[in-house]
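The values are calculated or read from the model by the stated rules, or taken from the named source; none is laboratory data. Treat the numbers as computed from the prediction; the structure is a model and nothing was measured. A quick note on method: Cβ atoms are made from the backbone with ideal geometry, for glycine too, and the neighbour counts reach across all protein chains shown. The protein model used for the area step is the full one, side chains on, heavy atoms only, and it has no ligands, DNA or RNA in it. Shrake-Rupley method; radii C 1.70, N 1.55, O 1.52, S 1.80 Å.
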Amino acid sequence: MTNNAPKKILLIRMLGLGDVTCIGIPALRYFKQRFPEAQFSFLTFAAGKEVIKLAEPDVNVWGLDKDAWPEHIIPAMETFLGLAEQIIGEGYDQIWNLDTWFMPCFLSRFLKDAGEKVMGNTMSISVQTLIDEFQSQQLKPEYVNDPASYMQSSFFSMVRWHTPWWQGGLVPDFGYPEFYLRSCCGFDQLDMDMSIQVAADQELKRIGKQQKVIALAPQSRTPERAYPFADELKAELEKRGYHVWTGFDGSVSLRQTLMQLKASDLLVTAPSAPQWLATAVGCPSLVICGDVDPRTLMPDYATDPHEGPIPALQLAESIDSIFSEQAQ
């Protein structure tokens, strides 16, 4: 490390669990490779803390718990200004905000205006201007809700993020996460390594010697993407001789979920975090796309985009064909 190289670096990515897995982990490893002697911290949210700790145990991971992020803007601003105080107290040489949500961009703008060396995405106006506009009732709702309105970036190519990038040219192997990191952030030398090392669940591994093991994750953070016929699908798959397990509801630890995925032959999931958890442990995934363009996700397998939920019987037949192809 040269004398000018940063010795203490903070990365910020606070979006959902799947997002932190597929973007946060590769980004963190990219920076660790660039600055092998630096001390790294990672600021994130809820289960994102656990997944980063599992992937990179030597990194200082901290942030907000699930119930600690207020829904309304004024309490949220107060919470994030508290985070800013902690960050300033740590004396980081570099702070990189890789997030696109409003509050992390608010945080990074405050830090930048306070004299911290902040790179990446920030809010386009000062915190004081935001407060003044809010108090005078001149702040438009779309400013807080639309990234095209509130976000500016030191990443030269971040303008691509606002385009339908999947509709033209060659789509990256890892879909959106790779597009974001390579094309938008400019990390063109990055290795899309989101792997997490865990042992396979022994009970599912035992079952897998006799039956194909399928993980089923029908829920999604956005209800319209959830798969409504999960019970019918599970019953149909079990009738066909598969062992099916569910439970992506936080009732077991993230490590246990990853161990179960590692012992599974296939994950069938709505467009949501489990796809990236499966990728992290090498479990193939079939994404029930609905109206989501599969090119944005690039899973191992995907249903064709369609209006309305795909019938359970039709989906079961697709799963049969996957295993038949693998056996050939």
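A quick yes/no check of all residues on (1) among the aliphatic types (A, V, I, L, M); (2) farther than 30 Å from ASP293 by Cβ; (3) open to solvent by less than 40 Å² (accessible area, probe 1.4 Å); (4) in contact with a Gly (Cβ under 8 Å, 6 or more places away or on another chain):
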site	(1), (2), (3), (4)
THR122	no, no, yes, no
LEU130	yes, yes, yes, no
SER183	no, no, yes, no
LYS205	no, yes, no, no
LYS209	no, yes, no, no
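List the pairs whose first member sits in segment 65-79 and is aromatic (Phe, Trp, Tyr), whose second member is surrounded by 10 or more Cβ atoms within 10 Å (Cβ to Cβ), and whose Cβ atoms are under 9 Å apart, counting only residues at least 6 apart or on separate chains?
As it stands, the answer is TRP69/MET14; TRP69/PHE45; TRP69/ALA46; TRP69/ALA76; TRP69/THR79; TRP69/PHE80; TRP69/MET103, since those pairs meet every condition given.
Do we have any residue at all in segment 254-274 that's of a type in the set (A, V, I, L, M), closer than 17 Å to PRO177 by Cβ and in contact with a Lys or Arg (Cβ under 9 Å, 6 or more places away or on another chain)?
So far as segment 254-274 goes, yes, one or more of its residues are of a type in the set (A, V, I, L, M), closer than 17 Å to PRO177 by Cβ and in contact with a Lys or Arg (Cβ under 9 Å, 6 or more places away or on another chain).
Of the conditions (1) touching a residue at least 40 places away in the same chain (Cβ under 8 Å); (2) over 19 Å from GLU178 (Cβ atoms); (3) within 14 Å of the chain's Cα centre (by Cα), PHE45 clears all except one; give me its number.
If we test PHE45 against (1) touching a residue at least 40 places away in the same chain (Cβ under 8 Å); (2) over 19 Å from GLU178 (Cβ atoms); (3) within 14 Å of the chain's Cα centre (by Cα), just (1) comes out false.
Name every residue in segment 80-108 that is open to solvent by 40 Å² or more (accessible area, probe 1.4 Å) and within 25 Å of ASP146 (Cα to Cα), in order of residue number.
Of everything in segment 80-108, those that are open to solvent by 40 Å² or more (accessible area, probe 1.4 Å) and within 25 Å of ASP146 (Cα to Cα) turn out to be LEU81, TRP101.
Identify all residues within segment 288-317 that are closer than 23 Å to TRP276 by Cβ and touching a Lys or Arg at 6+ places or on another chain (Cβ under 8 Å); write none if there are none.
GLY290, VAL292
Rundown of residues vs (1) part of a loop (DSSP other than H, G, I, E, B); (2) within 30 Å of VAL292 (Cα to Cα); (3) touching a residue at least 60 places away in the same chain (Cβ under 8 Å), yes/no style:
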| site | (1), (2), (3) |
| --- | --- |
| ALA84 | no, no, no |
| ILE87 | no, no, yes |
| TYR143 | no, yes, no |
| ALA148 | no, yes, no |
| GLY169 | yes, yes, no |
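For THR2, only one of the following conditions fails: (1) open to solvent by 20 Å² or more (accessible area, probe 1.4 Å); (2) modelled with pLDDT of 95 or more; (3) out of contact with any helix residue (DSSP H, G or I) (no Cβ under 9 Å at 6 or more places or on another chain). What is its number?
(2)
Pairs under 9 Å by beta carbon, first residue within 22 Å of LEU297 (Cα to Cα) and in contact (Cβ under 8 Å) with a residue 12 or more places away in the chain in segment 222-245, partner of a type in the set (Asp, Glu) and surrounded by fewer than 14 Cβ atoms within 10 Å (Cβ to Cβ), six or more apart or different chains?
Note: pairs meeting the criteria are GLU224/ASP291; ARG225/ASP291.
Each row is one residue, and each column tells you yes or no for (1) surrounded by fewer than 18 Cβ atoms within 10 Å (Cβ to Cβ); (2) in contact with a Ser or Thr (Cβ under 9 Å, 6 or more places away or on another chain).
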position: LEU237; (1), (2): no, no
position: GLY241; (1), (2): yes, no
position: ARG255; (1), (2): yes, no
position: ALA278; (1), (2): no, yes
position: CYS283; (1), (2): no, yes
position: GLY290; (1), (2): no, yes
position: PRO299; (1), (2): no, yes
position: HIS306; (1), (2): yes, no
